[in-house]
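The values are calculated or read from the model by the stated rules, or taken from the named source; none is laboratory data. Keep in mind the model is a prediction, meaning the values are calculated, not measured. Glycine gets a Cβ as well: all are built from the backbone with ideal geometry, and neighbour counts include every protein chain shown. Note: areas computed on protein heavy atoms with side chains; ligands, DNA, RNA excluded. Shrake-Rupley method; radii C 1.70, N 1.55, O 1.52, S 1.80 Å.
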Amino acid sequence: MAPSRPAAKRHFTFRLPPGGLARTVLLGVVIGLVAGAGAILFYEAIEFATRHLLDGLAGYQPPAPLGEGSLEHSGPDRRWALPLVVALGGLASGILVALLAPEAAGHGTDAAIGAFHWKSGRVRWQVVPVKLVASAITIGSGGAAGREGPTAQIGAGFGSFLADRLGLQPAERRRALAAGMGAGIGAIFRAPLGGAMMAAEVLYRHDFEADVILLGLISSIVAYAVFGAYTDYTPIFGGAGGFSFSHPSELPYYALLGLAAGLVGILYARVFYGTEELFQRVPLPRWARPALGGLLVGAIGIAAPEAIHVGYGWVQQAFTPEGVLAFSPWLLLALPFLRILTTSLSVGSGGSGGIFGPGMVIGGLLGAAYWRLGRDLPGFPDDPGPVVIIGMTAMFGSIAHAPLAMLLMVAEMTGNLSLLAPAMAAVAVASLVVGEETIYRQQLPTRADSPAHRHRFAFPLLSALPARQAAIPVPVLAGELSAPEALERLREAGTRHAVVILPGGGFGEVQAADLEASPGAAAAELARPLRTAVSAEWTLDRAIDTLTENERRWLPVVEEGQPPAVVGQIDMRSLLRAYRRAASQQLRQLAPIADDLEAIEAVLPADSPLAHRRLADSNFPAGARVAAVQRNGQTIVPRGELILLPGDRLTVTCTPRARAAVLTLLQAP
């Protein structure tokens, strides 16, 4: 007898409802609950670290925005200690990341975007706790980093973890990752709509992941509700409700602010990545580089403590004329650029933190400096608040290529929607200035450039054809079959592998080499369990995803049932043959008519089972009907007595369940 194989490792999983709105709602709620809890833990970790590191060691308590505390601030009482404290935080963060999860270094949003495009939506679960603790230490010790990147990566990690536990396919796992990212951002910034839009918009420079929106909205709302129940639901920035846009003469000034914001955005991206490349050449261990960056940040903090830590309190102070005038003129002009430098040193050195929050702070302080310079010009806005808010929106909305998300997010964070018109003007100008430059290097131009969608855009029929159309024969062996008998079946089929029905249920694969090496064993003893299979009703693009995700050359195609039945196998060669056959018949899927009604168009081949038959005798499945027939350039009303001829172009409407049967009738055998 052959030695028994070790049992496959089992993971805890549970199943969602099979498709539809209920599945999306349940998945969104679960992601939102976990992401909201993660945002609470991260928020408290930052508060704890700030209280014991920056305040406890350096005697510096930065101001907070009105939605999170008070503008009151104190210190730093021990300015000389700032370089040591920030360096200590960088060292602790660097060691933690290097030992446990190297991908937690840097800003998390880019890592989450990269996981969406290149890793089938997978983020290692170890990244979540490491990113949470390392970022809290970086920020709490005074690093000029933001909460968005870590929260996005933490939420994305939760989404990926849940997708694995739920056994989701790659497309749905990617959506879960993006929804988790948006839920984390929407929770910690108290901006659920902006967070959901950010998850869909930030993935591309010139496109939008529409499939993410519904799941992202549900998860972001739930996460916001969880986080708000723990803190409160007031906007982060208070005192902005009275700001309004009422003078069209102000628009040119806002457009000019957009020009400045676009230029500063380009500077931000180039300085950040230039600093990152510079630190990669520093002859120090990777874990020590954040300490060097922290030392330099702390040195800047001695002269300008406003340039370190999160910085939202300083933006809040700039909402009023008195607050802006409280800054010295030269400090106010220098702060946007000092913030670019301290953020680049904090995160670009390999420290863990975000660049979204610092980007908004840079934009807000740029708006404050712009108001300080132009406040005496005719028609210039009277209050600095609107200029600060629009500066935040234009600067980061343009360089992140997420203008819609930023418009919504800043409106939610300030509780003010009346500034959308001038903000749109400023964002439009800033986006034109920025062009292809981006702060997120993992962004791709469009969905057609993403591995998540490339085959769907390059071969659009893949999303229309069912896997059964590409299935080819494969031997299916009973588990008790002896090795010689099984080998004979393989020789008859002309193949070197087969599917084996395992005694406990499920399927396995067996190779001819294993059968030849163990003639005394049964097929089930030699079979390797198959972790997955392709459903006959799945579309070919989903079948490709499954083959790629599981690194498989082939997989069985199964008909759903109790028990499932193997109808064949699918591999890339059979898949491409099915695609070419459909393309030769000019088969294409038209835009859906409704949620449960599709439209398919095809030219009838000569050997189709429908050719030369009356339409009334065509045996279309329930839920399908011929909507139009084109013959020789003329449209014919489809009636029961109409005889279908080869070359007719048929437009057929059908339910998703009937699509496979319709395609079987339309295509050549």
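Is it true that Ala400 is buried (at least 24 other Cβ atoms within 10 Å of the Cβ) and within 25 Å of Pro235 (Cβ to Cβ)? It is true that Ala400 is buried (at least 24 other Cβ atoms within 10 Å of the Cβ) and within 25 Å of Pro235 (Cβ to Cβ). Only one of the numbered conditions (1) open to solvent by less than 30 Å² (accessible area, probe 1.4 Å); (2) at pLDDT 85 or above is violated by Thr539, and that is (2). The residues listed here are Gly149, Gly159; of these, the one that is in a helix (DSSP H, G or I), under 21 Å from Thr24 (Cα atoms) and not charged (D, E, K, R) is Gly159.
For the stretch 374-397, a residue qualifies if it is surrounded by fewer than 24 Cβ atoms within 10 Å (Cβ to Cβ) and among the aromatic types (Phe, Trp, Tyr), and exactly one does: Phe380.
The helices (runs of 4 or more DSSP H) found entirely in the stretch 192-292 that carry 2 or more residues being closer than 30 Å to Leu88 by Cβ and of a type in the set (Ser, Thr, Tyr) are 251-280.
Working carefully through the options Arg625, Arg657, find the one that is at pLDDT 85 or above, open to solvent by 30 Å² or more (accessible area, probe 1.4 Å) and outside any loop (DSSP other than H, G, I, E, B). Talk me through it step by step, then tell me what you get.
Details: Arg657 fails: at pLDDT 85 or above.
Among Arg625, Arg657, only Arg625 is at pLDDT 85 or above, open to solvent by 30 Å² or more (accessible area, probe 1.4 Å) and outside any loop (DSSP other than H, G, I, E, B).
In the stretch 197-232, which residue that is of a type in the set (Ser, Thr, Tyr) and modelled with pLDDT of 90 or more is nearest to Val434 (Cα to Cα)? In this case the residue turns out to be Tyr204.
Taking the criterion of being among the basic types (Lys, Arg) and modelled with pLDDT of 95 or more, the residues of the stretch 262-289 that qualify are Arg270, Arg289. The single residue among Ala183, Ala171, Ala200, Ala225 that is touching a helix residue (DSSP H, G or I) at 6+ places or on another chain (Cβ under 9 Å), of a type in the set (A, V, I, L, M, F, W, C) and within 30 Å of Pro290 (Cβ to Cβ) turns out to be Ala183. Among the residues of the stretch 337-383, those that are within 17 Å of Tyr440 (Cα to Cα), in a helix (DSSP H, G or I) and in contact with a Pro (Cβ under 6 Å, 6 or more places away or on another chain) comprise Thr343, Ile362.
For first residues located in the stretch 621-637 and polar (S, T, N, Q), partners that are part of a loop (DSSP other than H, G, I, E, B) and lie 6+ apart or on another chain with Cβ distances below 9 Å form the pairs Gln630/Asp648; Asn632/Gly647.
Taking the stretch 408-511 as the region of interest, the helices (runs of 4 or more DSSP H) fully inside it that hold 2 or more residues being open to solvent by less than 40 Å² (accessible area, probe 1.4 Å) and touching a residue at least 60 places away in the same chain (Cβ under 8 Å) are 420-434. Each residue in the stretch 293-336 was checked for being assigned to a loop (DSSP other than H, G, I, E, B) and touching a residue at least 24 places away in the same chain (Cβ under 8 Å), and 9 pass. Among the residues making up the stretch 553-604, a single one is open to solvent by 90 Å² or more (accessible area, probe 1.4 Å) and touching a Leu at 6+ places or on another chain (Cβ under 7 Å): Arg588.
Criterion applied to Met413, Met392 was being in contact with a Lys or Arg (Cβ under 9 Å, 6 or more places away or on another chain) and among the aliphatic types (A, V, I, L, M), and the one residue passing it is Met413.
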